[in-house]
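These notes are about the structure you will find just below.
The values are calculated or read from the model by the stated rules, or taken from the named source; none is laboratory data. Only a predicted model underlies this, so the values are computations on that prediction, with no experimental measurement involved. All Cβ positions, glycine included, derive from the backbone under ideal geometry; neighbour counts span all protein chains shown. Just so you know, the surface numbers come from the protein's heavy atoms only, side chains and all, with ligands and any DNA or RNA stripped out. Shrake-Rupley method; radii C 1.70, N 1.55, O 1.52, S 1.80 Å.
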Amino acid sequence: MLFDTHCHLYAQEFDADREEILDEMQAQGFMPCVLAAEDMPTSQACRRMAAGRPWLYFAAGVHPHNASGYSDAVHAELLAMMGEEKCVAWGEIGLDYHYDFSPRDVQKEAFVCQLDAACMLKKPIVLHIREAHDDALAILRARRGRLPSGVVHCFSGSPQQAQEYIGLGFYLGFDGPVTFKNAPRLQACARLCPAERLLVETDSPFLSPEPVRGRRNDPRNTLYIARKLAEIRQEPLEAVCAQTLANGLRLFGIALPKECD
């Protein structure tokens, strides 16, 4: 059994065959799965998709790209969502200095607002940090001792930064890029990550792994990532699958329903 801890199945790229993918995932025993939101409309879409599917869960939050749209009303609605059974995390939240779709000071304000709420609620967080690890770590460091659990989604930092995130209690999420030939630093991070802090993600429809790079990604490709992690870490594939499943369940506080056993 595999656990894709981060995907965007609500994206328009899946409009033609979303139900087919979901049916195949269930038939293959591929579950559970966490849908990660980017703003309020996608948080609501995640909620709708997860309803009625016992193996789908979701994270609600505002991505740094959309930080300019953060408001008191959005914050209040997100707070209400956090009390729902299927909402297992606040995210994805953080900082993205690669695109700067929202000004950096606005990104920081939205990040801190959501992070402090998650700290208060002890709600797991899903972090999106791209080319902003120094600022993100400074913000997290200042909250040491009251941070909730969480994952650095699609980890892209250095081995030293990986160690610091782990020291702060975070998991590291590895996606398609860890399978690429030109990713020795990322593979070094995957190698050093303690087994109990390792997660597998697709971020689908983005970041397709080898050997399907260049095509639309979907949660069924999680196996390629798990295989690469097993190779990097020189561990049996079955052990990586079992460990990452256990890690995801623990992080998000999920107990598999009986039909998923």
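The Tyr99 and Glu238 beta-carbon pair, evaluated with R₀ = 35 Å, returns a calculated FRET efficiency of approximately 0.35. The magnitude of the dipole of the chain, with charges of +1 and -1 set on the Cβ of Lys/Arg and Asp/Glu and taken from the Cα centre, is near 780 debye. For the residues Tyr224, Tyr97, a 1.4 Å probe over the protein chains yields an accessible-area ranking, largest first, of Tyr224, Tyr97. Of interest is the spacing of the C-alpha centroids, which for segment 4-75 and segment 178-228 amounts to 19 Å. Counting only Cβ charges, +1 for Lys and Arg and -1 for Asp and Glu, the dipole size of segment 106-187 around its Cα centre is about 220 debye.
Size of segment 126-177: Rg and Dmax of its alpha carbons, in Å, are 10.2, 32. Taking the Cα centre of segment 160-261 as origin and assigning +1 to Lys and Arg Cβ atoms and -1 to Asp and Glu Cβ atoms, the resulting dipole is close to 300 debye. Anisotropy class assigned to segment 143-261 is oblate, per the alpha carbon gyration tensor with a/c at or over the 1.5 cut-off and a/b no larger than b/c.
Could you point to the residue in Gly91, Gly167, Ala230 farthest towards the positive end of the chain's charge dipole, with +1 and -1 charges on the Cβ of Lys/Arg and Asp/Glu respectively? About the Cα centre, the residue reaching furthest to the positive side is Gly167. Within the accessible surface of the chain, defined with a 1.4 Å probe on protein heavy atoms only, the carbon and sulfur portion equals 50 percent.
What the chain shows is 42 Å² of accessible area per residue, with the surface traced by a 1.4 Å probe over protein heavy atoms.
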